[in-house]
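Report on the following structure.
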Ligand code: HEM
């Protein structure tokens, strides 16, 4: 939110820098005094948590890369070496692998928060689009990182997912196959594939960092949305970011790190697949190929559609449909809090995501397949039917008069305090009393 700068350089060096590259001014105005709605709840702490996770993934990843060998014969063993021989290597590797899960947990909560409170609506469309772009880059990065372990699940996940491009053969014969071979760098997934996935896995987090800077820039133009979804009207509706939200974000981050640490130290393999501890074997396909938990809903959508090309299109559409959300939702009210009908559809959507996650971990047959198709249908109907239609027919509940009202209660009409009774005039004393 544009606001006048209040930065005062105190020392000579601060004044010198301020006239040349005013980074301290930028930090002060954007992260200390930045006017932030006073009613943000804990769902708003996940942006900060995500920023922390991004830095943590880059820091652990850069050190892991110092010991990792991106070759067909060396990859798996180099990871075992990191786990057993490199000082603190087990901690680095588990922090990075569990960190990917925690990063996705946080990004899904952050995205659902945006959907619930209508943070994608004008004037925050660009902010939202940049968020979806980050999500796509995160998915690509995690997929490539998983392949680096070069265990059975890694290898076969790469084989299955890269092979999806061959579905383009049904559009232009031969095009899909040529594309897949180009991606592989050969006629099968192998050392060349691994080497390029490694290179891109190192590059993408820096692209994500660049888009995150744009994301936060796009946030700081209109300022934060808030749980009521109504705009900031007066100076009373906001508080400075520091100390109010530095403390709140810091507390939430500490709680999140506790959960992260609990997984790293007590259950580091809880979320991963045991088959990935078997070295990649191109001659033996595992009976059941499943991705990491954070890709399961999309995997369920892919397998619910009987045609390969349409399945791939469904998979791509399930994420890219988020780009259109600002224009699909026709409601004039941002926050789902005040939307009595939409609220039910929203929670049904959340249940659908969990159900698809479960179904993605099962074999696509029998009832699993039937339910996979029903939930896939609702997933898309939520965006393409519910969002446009409910906004038109629903009568939202009354909105509060301001952001401050639900926090401090409706502003009371101030009755000026009754004037205090005038002090009694001192009695004139008689001359004999004075004496
Ligand atoms: C690396 C990933 C990401 C990082 C580091 C990040 C960072 C942030 C930060 C620091 C904020 C401000 C604090 C907050 O509202 O929680 C924010 C807000 C926001 N982000 Fe993200 N974000 C990421 C991914 C995403 C994704 C995937 C989406 C949506 C698809 C998204 C959509 C939004 C929206 C709409 C807001 C405005 C929230 C509001 O004021 O209501 N972000 N983000």
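The values are calculated or read from the model by the stated rules, or taken from the named source; none is laboratory data. Just so it is clear, the model here is predicted, and its values are computed rather than measured. Reconstructed Cβ throughout: ideal geometry from the backbone, glycine too, with neighbour counts over all protein chains shown.
A few notes on this one:
- The conditions of being modelled with pLDDT of 55 or more and either exposed (fewer than 10 other Cβ atoms within 10 Å of the Cβ) or in contact with a strand residue (DSSP E or B) (Cβ under 6 Å, 6 or more places away or on another chain) (or both) are not met by residue 414.
- Going through (1) over 29 Å from the mean Cα position of the chain (by Cα); (2) surrounded by fewer than 16 Cβ atoms within 10 Å (Cβ to Cβ) one by one, residue 91 falls short only on (1).
- Residue within region 221-236 that is part of a helix (DSSP H, G or I) and surrounded by 17 or more Cβ atoms within 10 Å (Cβ to Cβ) present: no
- Region 95-132: number of residues that are near the ligand (Cβ under 6 Å from one of its atoms) and assigned to a helix (DSSP H, G or I): 8
Residues checked against (1) within 26 Å of the chain's Cα centre (by Cα); (2) in contact (Cβ under 8 Å) with a residue 60 or more places away in the chain; (3) in the same structural domain as residue 152 (by TED's automatic domain parsing); (4) more than 10 Å from the ligand (Cβ to nearest atom):
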position	(1), (2), (3), (4)
194	no, yes, yes, yes
198	yes, yes, yes, yes
203	yes, no, yes, yes
214	yes, yes, yes, yes
217	yes, no, yes, yes
224	yes, yes, yes, no
227	yes, yes, yes, no
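- Neighbours by Cβ (under 9 Å, 6+ apart or cross-chain): first from region 35-46, under 18 Å from residue 110 (Cα atoms); second in a strand (DSSP E or B) and more than 10 Å from the ligand (Cβ to nearest atom): 36/238; 36/239; 36/240; 37/238; 37/239
- Single residue of 77, 169, 85 found to be more than 16 Å from the ligand (Cβ to nearest atom) and surrounded by 17 or more Cβ atoms within 10 Å (Cβ to Cβ): 169
Residues are listed down the side, and each one gets a yes or a no for (1) in a loop (DSSP other than H, G, I, E, B); (2) more than 16 Å from the ligand (Cβ to nearest atom):
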residue	(1), (2)
10	yes, yes
20	yes, yes
25	no, yes
36	no, no
44	no, no
53	no, no
64	no, yes
67	yes, yes
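- Matching residues, region 133-142, being buried (at least 21 other Cβ atoms within 10 Å of the Cβ) and near the ligand (Cβ under 9 Å from one of its atoms): 134, 138
- Residues in region 292-306 that are surrounded by fewer than 20 Cβ atoms within 10 Å (Cβ to Cβ) and not in a helix (DSSP H, G or I): 305, 306.
- Restricting attention to region 335-376, the residues being more than 24 Å from the chain's Cα centre (by Cα), surrounded by fewer than 19 Cβ atoms within 10 Å (Cβ to Cβ) and in a helix (DSSP H, G or I) number 8.
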